[in-house]
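Visitor: Pasting a structure below so you can have a look.
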Amino acid sequence: MNKGFNTDSLKALLEKIDTDKHFEPKSIIAFGYHLESKSLREISENVKTYNNKKKSDIDFITRY
């Protein structure tokens with residue numbers, strides 16, 4: 001498991017989506033075996049509810 005992923009990591013990802021004009025992900029794919037379930041829920045909920053400045057829809061997908 002990647003125990004290094006935390007709320008600060010999520011914040012950095014969301015800020016990168018907003019500020020980097022060349023970074024426009026359509027999907028975020030997480031490998032479920034590599035992250036704790038708490039982190040997966042946190043990412044999923046925040047990506048779904050986050051209104052990014054680019055107004056792009058981003059899908060969150062968990063793969064096992």
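The values are calculated or read from the model by the stated rules, or taken from the named source; none is laboratory data. As the structure is a computational prediction, the values presented were derived from the model and not from experiment. Here the Cβ is made from the backbone with ideal geometry for all residues, glycine too, and neighbour counts use every protein chain on show.
Visitor: With 55, 16, 26 as the choices, which residue is at positive phi and either of a type outside the set (A, V, I, L, M) or surrounded by fewer than 11 Cβ atoms within 10 Å (Cβ to Cβ) (or both)?
Guide: Only one candidate passes the filter, namely 55.
Visitor: Filter the range 20-45 down to residues that are touching a residue at least 24 places away in the same chain (Cβ under 8 Å) and either closer than 18 Å to residue 4 by Cα or among the β-branched types (Val, Ile, Thr) (or both), then give me how many there are.
Guide: Final tally of qualifying residues: 12.
Visitor: Of all residues being over 12 Å from the mean Cα position of the chain (by Cα), charged (D, E, K, R) and not in a helix (DSSP H, G or I) in the range 25-56, which is modelled with the highest pLDDT? Just the residue, please.
Guide: 36
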